[in-house]
Amino acid sequence: MPTQQVEAGAAGHGAEPRGKRTDAGEATYLVAIAEALWEELERDESVFLLGEDIGAYGGAFKVTEGFIERFGPERVMDTPIAEETIVGMAIGSAMEGLRPVAEFQYADFMSCGFDEISTVLACYHSRSGVPLPVVLRGPSGGGVRGSSFHSINPEPWFAHTGGIKVICPAFPSDAKGLLKSAIRDDNPCMFLEHKWIYRRIKEVVPDDPDFLVPIGEARVVREGTDASIITYGAMVHKALEAAEELSGRGISVEVVDLRTVYPLDEQTVLRSIEKTSHALVLSESYRFLGVGAEVAATIAEKAFAHLDAPIERLSPLNVPVPFSPPLEVAFLPQVSDIEAAVERLSAW
């Protein structure tokens, strides 16, 4: 489906209303997530939301604006600033048959609940056999001048635990369908929403209340023959922009959107490499031990015979996210960096 960029402020820090669909049925990423939550609350009475300022205030980014008026404070629960307690309450309620969706104002602060997430949430089912249908939502990512406390991409931390599905959608339709799938899943899911995408990208989003996108399936969002860019989240949009520019230089680029980083859809990635024989692994999570490192290792291990060039990795260095706009631009992979990396690959 075609996508459009819409004008937005740096991060949309809660001042603006959430908005709604256009007359043509287009929804922003923000609206698509809100629709998913609303529909699942309507569908299943065991679903409830909890988090800081999600009730009366409507959430830091207004995702849950108007929810408390419709569903009441017992299902849209404002909590103290106590992330470990939020996770613990979500775990306990899931043990008793509820389906909690916990919102963190910023994904950076998931680290405040790290013990409950990594030691309990990720492991309890294997210890006891009890299902834990918990969803942890977190606005993540940079490019919004949020500095080192509001710009992290924490997916490698939690993918490493092995017991949590980690989802990082790039498009409104995928965000809606994957969030609904996560809420219906009996396994713990972490749903990371890139703040840069919230109000910038819109597309026609299905309004079927049973529209789902399968967890763990990547998607080829642009076909190509000369090189593959494997990526996810906001970097998908930069990859598509670079691919369009490179097409004018005679380089055909395929873009694979992982959508879910754990479990990783190896088959879609490997089929793309078999087709193009050149791989650029692009991520906004850190280069050292990041998601890109795992993808690159998988390609090297299972598609080596198809490669005509070394695997390129393009990711930020392991340093705090800068607040200074020029430094943040230098820190994050940019479209020009992607173009240069693909041209290096194509030279082989």
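Observations on the structure shown:
- Of all residues making up the range 180-198, the number that are over 14 Å from Thr28 (Cβ atoms) and either of a type in the set (A, V, I, L, M, F, W, C) or within 12 Å of the chain's Cα centre (by Cα) (or both): 6
- Residues of the range 191-200 that are in a strand (DSSP E or B) and aromatic (Phe, Trp, Tyr): Phe191 alone.
- Only residues that are β-branched (Val, Ile, Thr), in contact (Cβ under 8 Å) with a residue 60 or more places away in the chain and within 14 Å of Glu103 (Cα to Cα) were counted in the range 29-60, giving 2.
- Residues of the range 182-192 classified as farther than 19 Å from Ala239 by Cβ and either without any contact (Cβ under 8 Å) to a residue 24 or more places away in the chain or surrounded by 21 or more Cβ atoms within 10 Å (Cβ to Cβ) (or both), total: 6
- Listed by position, the helices (runs of 4 or more DSSP H) contained in the range 63-136 that have at least 3 residues being at pLDDT 95 or above are 67-71, 83-95.
Residue-wise test of (1) closer than 17 Å to Arg219 by Cβ; (2) open to solvent by 10 Å² or more (accessible area, probe 1.4 Å); (3) at pLDDT below 95.
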residue: Thr260; (1), (2), (3): yes, no, no
residue: Val269; (1), (2), (3): yes, no, no
residue: Ser283; (1), (2), (3): yes, no, no
residue: Leu289; (1), (2), (3): no, yes, yes
residue: Ala293; (1), (2), (3): no, yes, no
residue: Ile311; (1), (2), (3): no, yes, no
residue: Val319; (1), (2), (3): no, yes, yes
residue: Pro325; (1), (2), (3): no, yes, yes
residue: Ile338; (1), (2), (3): no, no, no
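- Within the range 55-74, the set of residues being over 20 Å from the mean Cα position of the chain (by Cα) and crowded, with 18+ Cβ neighbours inside 10 Å comprises Gly55, Gly58, Glu65, Phe67, Ile68, Phe71.
- Residue within the range 168-176 that is modelled with pLDDT of 95 or more, buried (at least 23 other Cβ atoms within 10 Å of the Cβ) and in a strand (DSSP E or B) present: no
- Checked against (1) open to solvent by 10 Å² or more (accessible area, probe 1.4 Å); (2) more than 29 Å from Glu328 (Cβ to Cβ), Trp157 passes all but condition (2).
- Pick from the range 19-33, criterion open to solvent by 20 Å² or more (accessible area, probe 1.4 Å) and small (Gly, Ala, Ser), ranking: modelled with the lowest pLDDT: Gly19
- Residue pairs meeting the criteria (Cβ under 8 Å; at least 6 apart or on separate chains; first touching a residue at least 40 places away in the same chain (Cβ under 8 Å), in the range 316-342; second surrounded by fewer than 16 Cβ atoms within 10 Å (Cβ to Cβ) and of a type in the set (Ser, Thr, Tyr)): Pro320/Ser148; Val321/Ser147; Val321/Ser148; Pro322/Ser147; Pro322/Ser148; Phe323/Ser147; Phe323/Ser148
- Restricted to the range 42-62, and to residues there that are among the aliphatic types (A, V, I, L, M) and assigned to a loop (DSSP other than H, G, I, E, B), the residue that is farthest from Arg137 (Cα to Cα) is Ala56.
- When Val329 is tested against the conditions (1) open to solvent by 30 Å² or more (accessible area, probe 1.4 Å); (2) among the hydrophobic types (A, V, I, L, M, F, W, C); (3) under 20 Å from the mean Cα position of the chain (by Cα), the lone failure is (3).
- The range 293-348, subset in a helix (DSSP H, G or I) and acidic (Asp, Glu), residue farthest from Leu240 (Cα to Cα): Glu301
The values are calculated or read from the model by the stated rules, or taken from the named source; none is laboratory data. Just so you know, these numbers come straight off a predicted model, no measurement behind them. Every residue, glycine among them, receives a Cβ derived from its backbone with ideal geometry; neighbour counts consider all protein chains shown. The accessibility values were calculated without ligands, DNA or RNA, using every heavy atom of the protein model including side chains. Shrake-Rupley method; radii C 1.70, N 1.55, O 1.52, S 1.80 Å.
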